[in-house]
1. Could you please tell me which pairs satisfy a Cβ distance under 8 Å, a separation of 6+ or placement on different chains, a first residue in the range 108-122 that is over 21 Å from Arg90 (Cβ atoms), and a second residue that is in a helix (DSSP H, G or I) and modelled with pLDDT of 95 or more?
2. Condition first: hydroxyl-bearing (Ser, Thr, Tyr) and in a strand (DSSP E or B). Now tell me which residues in the range 238-264 satisfy that.
3. Being farther than 28 Å from Phe37 by Cα, modelled with pLDDT of 95 or more and not in a strand (DSSP E or B) is the requirement here; does Arg280 meet it?
4. Residues Val26, Val15, Val10, Val53: which one is farther than 21 Å from Asn137 by Cα, among the aliphatic types (A, V, I, L, M) and not assigned by TED's automatic domain parsing to the domain that holds Arg203?
5. Can you list the strands (runs of 3 or more DSSP E) found entirely within the range 173-233 that contain at least 3 residues being assigned by TED's automatic domain parsing to the domain that holds Arg283 and in contact (Cβ under 8 Å) with a residue 60 or more places away in the chain?
6. crowded, with 16+ Cβ neighbours inside 10 Å, free of Cβ contacts under 8 Å to residues at least 24 places away in the same chain and of a type in the set (A, V, I, L, M): does that describe Ala151?
7. Within the range 188-200, does at least one residue satisfy the condition of being surrounded by fewer than 20 Cβ atoms within 10 Å (Cβ to Cβ), charged (D, E, K, R) and in contact with a strand residue (DSSP E or B) (Cβ under 9 Å, 6 or more places away or on another chain)?
8. Just the residues that are of a type in the set (Phe, Trp, Tyr) and within 26 Å of the chain's Cα centre (by Cα), please, taken from the range 167-203.
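The values are calculated or read from the model by the stated rules, or taken from the named source; none is laboratory data. Please read these numbers as outputs of a predicted model, since none were measured by experiment. Neighbour counts run over all protein chains shown; Cβ positions are idealised from the backbone, glycine included.
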Amino acid sequence: MRRTRTVRNVHQRIVQAPAETVGALVDRLAAPDDPLFPTPVWPAMVLDRPLGVGADGGHGPVRYRVTAHEPGRSVRFDTTADRPGTGYHRFDVEPLGPDRCRLSHVLEVTLGMRAFALFKLAIEPVHDTMLEEAFDNAERAALGALPHPPARRSRRALLLNRLRWPRPAAVPVPDGAALLHGAFARPDFTDAWRMPLTPGMPRDPRAWRHVLPFAELGADGAEVMLGKDASHLDFRASLVTDDNGVTLATTVRLHNARGRLYFAVVRHLHPFVVRRMLRRAHRRLAFSTPPAGERNATATVWGASCRSDRALHDRRDVL
C-alpha cells in the first residue's frame, strides 16, 4: 500500500483596503496585467483563457484547472496531474469591515512520501516566498505603497531560484538582426542564443546592452549591436528583442593566421561564456524589475475608484 502525506499550507494577510478592491486583484490572476503573481522573479501563472471555471494552466511545472470562481471573493484551482500530488489551492478574500479585509491562500495536496520530502526540501520554500510576495503585491496595488518592509526571500528560496532559472537555447540568427546580418559580407562564425521574456521584463534592447562589455555600434528598432575590431579579428554581437524573448547573436570575421589560431581555441569557450553572461543578465534584470503590484497598480486603483463612484451613484439613485 502506498504511503501518503497530506500537506496543508495556509497564508493570510490583513489588508487595509475594501474587499471589493482586493477581490478585483484576485480576478486579474493570469491576465496580462496580473498585479499579484510575483513575476518575473518567479514563474507566472498562465491560463488558456481568462480566469473562470474550466480554465487550464499552471505556473512552472505545477498544472491545475479552475474548478470554482466567485468573482471578487474566491477562486479554486484543482491539480490536473499527480505530480507532485493531487489536491488544490485557492485564494479567498473575506471582508472585515468597509476598509479592511483578509486575503488568504490555502494549499492542500496529498503526496507520496518521496514527493512529500521533495516538497519540504525544494518546493515549500519557493511556494512560501511567492505567496508572501503576492500578498505584498496586493497591498502595493490596493494601497499605492507597501506599508511595511517587503517579504524576505530565504537563502534556500534564492538558491532554488538560481538553480531553476531558464537557460539559453540555441537558435538561428533572427531575421530581426538586420545590423548583424549586414556587418560582414562573409563571416567566419555565427551563433545565437535565446531566452524567454516573462511579464514585466524589458522589451527595449538597450536595457540588455550590458550583457557583453563592448561598445555600442548601432541600434535600429528592436536591435542593438555591439562590437570591437582588432588586428586579428572583428567581433559583432546583436541583442534582439520581441514580445516573447531576447536573442544574443554573434558573428566573427577573421583576418589572418593569428586570428584563426586564436579563434580555434576561443570558439570552444565562446558558447559557454555568452550563455552564462546572457543568463546572468536575464536574472539580474528580472530581479531589478518593479514588482507586479507597482507595474499594474494604476489600473487597479483607477478601477476601484470607478467602482466606488458607481456604487455611490447607485446608492444616491436609490435614496
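1. Pairs found: Ala122/Leu160.
2. First, the residues of the range 238-264 that are hydroxyl-bearing (Ser, Thr, Tyr): 238, 241, 247, 250-251, 262.
Ser238, Thr241, Thr247, Thr250, Thr251, listed by residue number.
3. It is false that Arg280 is farther than 28 Å from Phe37 by Cα, modelled with pLDDT of 95 or more and not in a strand (DSSP E or B).
4. Val53
5. Here the list reads 189-196.
6. Values: crowded, with 16+ Cβ neighbours inside 10 Å: yes; free of Cβ contacts under 8 Å to residues at least 24 places away in the same chain: yes; of a type in the set (A, V, I, L, M): yes.
The answer is yes for Ala151.
7. yes
8. In the first step, residues of the range 167-203 are kept if they are of a type in the set (Phe, Trp, Tyr); the result is 184, 189, 193.
Trp193, the sole residue that qualifies.
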